[in-house]
Every structure is written in structure tokens, then in C-alpha cells.
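No value in this document is a laboratory result; all are computed from the given coordinates. As the structure is a computational prediction, the values presented were derived from the model and not from experiment. Heads up, the Cβs are rebuilt from the backbone with ideal geometry, glycines too, and the neighbour counts pull from every protein chain shown.
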Amino acid sequence: MVSKLMDYFNKQPRLGVLSTANKEGKIDAAVFGSPMMVDEKTVVMGLGNNRTFAYLQDNPNAVFTIMEQGATLADWKGLRVYLKMKNYATSGETLDAYRQKVAEAAGEDAAAMIHASVTFEVGEVRPLIDMGQGWEKSV
């Protein structure tokens, strides 16, 4: 089952929305294609020096929502993956290695935009449209 989650999460091409909130509760939502699930409990991604990164420093909780359009509402697929930032690197080997991977996949300009490599712990996975079916039947 874990493989199914990782396969769906990492499927490309795909876009998702990372939603965060700062310590005052102000909400941010940003579109990303880069988060990768490296094991059943860990997601990594790169962030610029932006609102998303600032909010995560205030409040480490976030949700990454992946959606796939279906012919009808009942046919839509997707997940809500609840995350908690565990650590980040704004310098050093971890960031350098992440930038190198980005450069290989998306080019040097994309890699230069990365300010931080961020590691999240997966807390919960829920279906996009929750009718009690569990996430496994939503992908």
C-alpha cells in the first residue's frame, strides 16, 4: 500500500497546492510540481526565499493537495497529504545536493531559485473528496 502512495505522490507530470499558515493564521497556497516522497513518511522539496518558506518557519504544518480531473465529480482523483516540516537547509551539502538534482531535471536557472531544501514528515493522508472510502480508493 505504501508503494501505491509513493507512486501516486511522485507521478509526473503533476501539480499540487501546498497550503501553509503563519503564526497569526494568515493562509498561503502555492502551486508546486517538485515535492517528492522519498519514503512512506518523508517528503522533500526545494523552496525559494518566499512566503511559503517564511510561513513554514512560523508554523511547520502544511497540506499538499494533488488533484486529477475526472469526467464527473465522482471521477475526480486526488489526495490531501498533511505534512509537518522537520528541518530545512539554506546552505551546506544537503542544499547543494538538492540544487544539483534540480539542475539535472529542470536546468540551472531553476536550481538557482532554490533557497532552501525542506524535509517534511507525513502525518496523515486523506482523499481529495472524503466520503469515507479511504485514500487508497481515491487514486
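A few comments on the model shown:
- Under 14 Å from a label point set 7 Å out along the Cα-to-Cβ vector of SER91, the amide N atoms of segment 109-139 belong to 116.
- Rounded to whole numbers, the Karplus 3J(HN,Hα) couplings from phi for segment 8-24 are 5, 4, 8, 4, 10, x, 7, 10, x, 10, 9, 10, 9, 9, 7, 5, 8 Hz, using 6.51 cos²θ - 1.76 cosθ + 1.60 with θ = phi - 60°, and x at Gly and Pro.
- Too-long pairs where the Cα-Cα distance tops 23 Å, listed order kept, from LYS26/LYS77; LYS23/LYS137; LYS23/LYS84: LYS26/LYS77; LYS23/LYS137
- Estimated vicinal HN-Hα couplings, Hz - segment 114-130 in sequence order (Karplus 6.51, -1.76, 1.60; Gly, Pro = x): 6, 9, 8, 9, 10, 10, 10, 9, 6, x, 7, 10, 10, x, 4, 10, 8
- Surrounding net charge for ASN22, when Lys and Arg each add one and Asp and Glu each subtract one, Cβ distance under 9 Å: 0
- Identified option (computed Kirkwood radius over Cα pairs in Å; candidates [x] 14.8; [y] 16.5; [z] 15.6): [z]
- For segment 87-101, Karplus couplings with θ = phi - 60° (6.51, -1.76, 1.60), whole Hz, Gly/Pro x: 6, 8, 10, 10, 6, x, 4, 4, 5, 4, 5, 5, 4, 5, 4
- Loop GluC sites (Glu not before Pro), segment 22-106 (other Cβ atoms within 10 Å of the site Cβ: 13 or fewer; DSSP): GLU24, GLU40
- The helix-based estimate of mean residue ellipticity at 222 nm for the chain, built from -39,500 (n - 2.57) per DSSP H run of four or more residues and divided by its residue count, is -7500 deg cm²/dmol to the nearest 500.
- Available extension along the chain between MET131 and TYR82 is 15.9 nm, counting 0.36 nm per residue and deducting the alpha carbon span.
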